[in-house]
Structure formats: C-alpha cells, structure tokens
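To start, the structure under review is shown below, and the notes come after it.
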Amino acid sequence: VAKYDYDLVVLGAGPAGEKGAVQAAYFKKKVAIIEREAAPGGAAVHTGTLPSKTLRETALFLSGYRQNELYGVSVAVDRELAAPKLLSRKDAVVESEVERFRWNFERHGVTCIRGRARIVDAHTAEIEVAEGQSQNPATLRITAEVFLIATGSAPFHPPNIPFDDPHVDDSDEILKMDRLPATMTVLGGGVIGCEYATMFAAMGVKVTLVEGRDRLLPFLDQEMGERLSASMKTLGIDILLKEKPLHAKRVEGRGIVCTMESGKELDCERLLVASGRTGRTKDLGLDAVGVEVDKRGYVVVDQNYKTKVPNIYAAGDVIGFPALASTSMEQARVAVCHAFGLTYKDHMSTLLPYGIYTIPEVSSVGLSEEDAEAKKIDYVVGRALYRDNARGKIIGDNDGVIKLVFEKASRKLIGCHIIGDRASELVHIGQAVITLNGTVDTLIDMVFNYPTLGETFKYAAYDALGNMKQGAS
Ligand SMILES: Cc1cc2nc3c(=O)[nH]c(=O)nc-3n(C[C@H](O)[C@H](O)[C@H](O)COP(=O)(O)OP(=O)(O)OC[C@H]3O[C@@H](n4cnc5c(N)ncnc54)[C@H](O)[C@@H]3O)c2cc1C
C-alpha cells in the first residue's frame with residue numbers, strides 16, 4: 001500500500017505547475033494538481049503574458065503601425081471599437097491555451113482538483129474544494145511524498161493609490177477596460193510598464209510613463225535602453241524619470257490626479273500601476289510548516305528549488321526573480337527531477353534570454369557592453385542595421401539594430417542585443433551560438449537564408465571583425 005495518496009501534489013496550475021506536474025507524470029509518478037481558479041493557465045494565460053502579447057498584436061494591427069513606414073498608412077484607432085476587438089481576440093487565444101493545458105494534464109494522467117490549497121504539515125495539503133466540484137466533502141485532505149508550490153505572484157499595491165476606483169488598474173485588471181482612454185499615466189518603468197505604455201501609445205492614447213530610477217530597464221545594454229527610450233518618445237510617450245508618486249486620487253473635472261514627491265501633478269483618464277509583484281504565499285500555511293518566505297512574500301529555495309523543508313519544492317513567480325513564464329517552466333522541471341532523483345535535468349541554463357515586447361521589441365542574451373567592462377573583458381562590438389538589410393527594407397523597419405559583443409582574444413560571441421521587429425525570435429540565434437562557444441568566424445562562415453533579418457548576424461560579425469582589426473570597439 002502506498003504511503004501517500006500521491007507521489008507529487010502541485011499547488012497552482014500556471015506554467016510552473018503545469019510543467020512540474022507533467023514532468024513527474026511522464027516518469028510514471030502519481031500526480032495531482034490543485035488550482036483555485038476555474039481554468040488552468042495562471043497569470044501567463046489569463047492576465048499576463050498571452051493577454052498582453054495579444055494586445056500588442058492588436059495594437060500593431062489596428063494602428064497600422066507596421067504599414068506606416070511602407071505606405072504612409074496612419075490609422076486613427078476607434079476608441080470605442082478597439083477594446084471589444086482586443087477582448088474577443090484575447091478570449092480566443094486564452095480559450096485555446098486553456099484547452100491545451102487541460103489536454104496535457106489528461107494525456108499524462110494528472111488528477112486536477114479545483115480548490116484553494118494550503119499545506120498543513122510536510123506531507124498533507126488541505127483543499128477548500130470549489131463549489132460544484134465532484135470532490136466531497138467541502139474540505140479535502142490529501143497526502144503527498146513531495147509538494148511543489150507554484151502559486152505565482154500578485155501585483156504589488158503601493159499605498160495611497162485608490163485601487164477601488166474603476167479607472168485605476170494594476171496589471172491584472174488593465175485588460176478588462178471597455179474603451180480606450182484618451183490619456184493614461186503608467187506608474188513604473190519596468191518591463192510590464194514599458195510594454196503597456198508602448199501598446200496604448202501605438203493605439204493613440206496619450207501616455208505618461210513615470211519611473212523612480214534615472215533610466216528605464218537598467219538591466220538592458222545601455223545603448224539598447226537609450227534606443228528604446230528614443231523610440232518610445234517618437235511614439236509620443238512622455239517619460240518622467242527620477243519621479244516617485246506620493247498619492248493618487250480622483251478630482252472632479254480632472255480625472256485621476258497623481259501627485260509626485262517633487263510636487264508635480266499628472267492628470268489622466270486612466271491610471272495603470274505597474275510597481276512590481278509579490279509572492280502569493282500569504283494563506284499557504286508555510287510558516288507553520290517551516291518553509292521560509294522573504295519580506296516580499298517569495299519562497300526561499302536552494303539551487304535545486306528545494307525549500308527549508310526537504311520534501312517541499314517551489315518554482316516560478318512564487319520564488320521571485322526572474323519571474324518569467326519561460327524560466328518558471330524550466331525551474332519546475334528541475335525541481336521535480338531533483339525531488340525524484342531523475343538525472344536527466346539537474347539545472348536551469350544560466351544563459352537566459354530576455355524578451356521585452358515593447359513597440360519596438362527588444363531582446364537580449366549574454367553580456368551587455370557594460371557587463372563586459374565590469375568583468376574587465378577585452379571586447380569588440382559589431383552592429384548591423386535593419387535598414388541596410390534586404391528583409392528590413394521590405395518590412396520597413398528602419399530603426400532595428402542588432403549589436404553583438406565578442407571577447408577579443410577568443411573571438412567568442414558573449415552577448416547579443418537586438419531592438420526591432422522579431423527581436424525576441426532572432427535572439428535565439430545568438431543564444432545558440434553563445435551556448436555552442438561559437439565565434440565571430442562561426443557567423444561569418446554560416447550561410448543565412450536571403451532575404452532574412454537573421455542575415456544581420458553575419459553583417460554584425462563582419463562589422464566586429466573590422467573593429468577587431470582596427471582595435472576599436
Ligand atoms: C502583464 C504581464 C506580462 C508578462 N509577459 C511575459 C512575457 O512576455 N514572457 C514571459 O516569459 N513572462 C511574462 N510574464 C510573467 C509570467 O506571466 C509569469 O512569470 C508566469 O505566469 C509565472 O508562472 P507561475 O506558474 O509561477 O505562476 P502563475 O502563472 O501566477 O500561476 C499560479 C497559479 O496558482 C494558482 N494559485 C494561487 N494560489 C493558490 C492556492 N492557494 N491554491 C490553488 N491554486 C492557487 C493561481 O490561481 C494560478 O493559476 C508576464 C506577466 C505579466 C503580469
């Protein structure tokens with residue numbers, strides 16, 4: 001007789017929960033996954049990644065953004081019609097992705113339980129079973145050899161912001177709007193703030209973006225960050241740096257008024273607060289079981305994603321940085337493999353690509369120029385412009401740039417940074433070359449399809465080669 005009801009019980013059916021559960025089931029473990037919402041998918045499917053990327057495509061399409069440079073087509077977006085069009089497109093994408101989650105659980109034999117879970121001791125979870133479910137009684141207890149906490153994160157709500165006002169949103173609420181506003185203030189110039197700022201600006205909303213630091217997205221290669229800021233200004237976005245909000249309130253005749261610490265006041269029809277996120281751990285009973293949680297609510301784990309309790313693991317947004325769907329899935333796979341001694345995957349690659357779906361798109365992998373300087377690496381940079389590339393000309397992206405960073409002595413590619421159409425796809429070429437220890441010569445040797453944006457890699461490599469010979473960067 002088995003000691004526990006399940007080998008693995010997963011809390012939360014977002015990207016981390018899904019991949020963790022399915023990974024274990026693939027290796028013949030008996031797995032249950034508990035999800036409090038009616039549909040699986042988590043933030044990635046319902047409120048974050050897919051909805052925001054669908055908005056991006058809708059914004060590009062409705063505004064005629066991609067066609068602007070080619071045919072001089074500038075389309076005024078109908079503010080009443082844009083929101084319903086976006087919502088119906090988003091719903092279709094969400095529905096089909098939810099089906100994929102369900103099918104993946106079914107074909108791997110993962111038991112799905114709808115309810116809110118908490119851990120009551122190292123091997124027992126208590127589930128408040130959602131109404132209308134076949135599982136009875138209303139509170140269910142199940143035991144497991146291993147737990148994987150994958151409950152994700154929630155938007156952080158700074159004080160003095162009236163989130164109960166229907167025109168004040170966090171990033172989970174923003175896409176429920178029924179019409180586009182004329183003006184919007186975005187508090188927070190991180191990835192989510194920058195992405196939404198550019199999408200709404202492309203659809204004709206007058207956007208003001210407020211950031212407390214002295215530059216946007218400081219983890220980006222500085223040149224790429226500056227190019228992005230310039231493009232955002234061209235889109236009509238007012239970027240206010242080194243400004244921190246003190247409070248916001250509704251003022252008759254002015255809309256929502258945000259007052260900055262500097263005394264500056266910003267009026268807008270709609271306010272989006274994108275001030276980071278916090279781990280969803282409050283009601284999980286973790287304290288009592290001995291699982292450590294830090295002050296932002298994130299579960300503390302070791303390099304194998306194991307918590308302070310040896311049979312309890314955590315992965316995804318609930319453990320904090322980098323908090324991406326891409327990394328959440330991989331962390332969960334590694335966690336489950338470690339928990340059950342499966343040797344085929346024992347770590348997550350340290351070479352992580354970053355995709356920022358602003359307009360234009362930015363993506364990077366490996367070292368920035370500033371990273372190389374800080375590490376005292378003697379490096380050389382090569383650039384290629386989309387406007388000098390045949391495909392770039394055809395699609396009319398005049399501002400796209402690819403920048404490659406090579407270590408001079410070994411000639412190895414160590415960093416790849418792209419701004420422009422398809423950047424988050426193209427960056428994988430750079431990622432593969434770095435992973436395989438490729439050099440400037442590898443890229444020069446490769447034959448690329450013509451015409452493609454991929455070919456810019458070859459020309460950036462030629463540029464770097466020239467700079468190596470001249471001793472310049
Ligand atoms: C606007 C926005 C844009 C984003 N864009 C990108 C992007 O372009 N690329 C990218 O890689 N990432 C992106 N992300 C991040 C991505 O959405 C997250 O990293 C990812 O969803 C994390 O997955 P997860 O499984 O850890 O958590 P989640 O997706 O949050 O899933 C957690 C699940 O746990 C459930 N749950 C919580 N508590 C309980 C409980 N007590 N009992 C049962 N179930 C529970 C929740 O209902 C939820 O379904 C974006 C996020 C946002 C907000």
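Odds and ends about this structure:
- For the chain, with +1 on Lys and Arg beta carbons and -1 on Asp and Glu, the positive-most of His123, Leu50, Ile395 along the dipole: His123
- Every helix of 4 or more DSSP H residues in the chain counts as -39500 (n - 2.57), and over all residues that averages to -10000 deg cm²/dmol at 222 nm.
- DSSP beta bridges in the chain [antiparallel fraction, %, rounded to 5]: 60
- Per-selection metrics, the stretch 219-370 (Cα): Rg and Dmax in Å: 20.6, 64
- Using C-alpha pairs below 8 Å separated by at least 6 residues, the relative contact order for the stretch 322-440 is 24 percent.
- The stretch 402-473 has equivalent-ellipsoid semi-axes of 19, 13, 12 Å, by the square roots of 5 times the alpha carbon gyration tensor eigenvalues, sorted largest first.
- The charge dipole of the stretch 316-473, taken about the Cα centre with unit charges on the Cβ atoms of Lys, Arg (+1) and Asp, Glu (-1), comes to about 280 debye, rounded to the nearest 20.
- Mean-position separation - Cα centroids, the stretch 302-332 and the stretch 1-50, in angstrom: 14
- Normalised convex hull volume, the stretch 115-198, alpha-carbon set, Å³ per residue: 182
- Exposure proxy shown here: for Arg270, Arg179, the number of other Cβ atoms within 10 Å sets the order, fewest to most, as Arg179, Arg270.
- Projected onto its three principal axes, the C-alpha set of the stretch 353-473 covers 37, 27, 25 Å, listed from the longest axis down.
- Two-decimal log10 I(q)/I(0) for the stretch 81-140, as the Debye equation yields it once each C-alpha is a single scatterer, q = 0.25 Å⁻¹: -0.99
- ³J(HN,Hα), Karplus 6.51/-1.76/1.60, whole Hz, each residue of the stretch 239-256, x for Gly, Pro: 9, 10, 9, 6, 10, 10, x, 9, 7, 9, 7, 7, 10, 3, x, 10, x, 8
- Quick note on the chain: its Rg to Rh ratio, both from C-alpha atoms and Rh being the Kirkwood radius, is 0.99.
- Cα convex hull volume per residue for the stretch 282-333 (Å³): 78
- Extent along the principal axes, Cα only, for the stretch 353-394: 40, 23, 13 Å, with the longest axis given first.
Values in this text are rule-based calculations from the coordinates and carry no lab data. In this text, all values refer to a predicted model and were calculated from it rather than measured experimentally. Note that we place each Cβ from the backbone using ideal geometry, even for glycine, and neighbour counts take in every protein chain shown.
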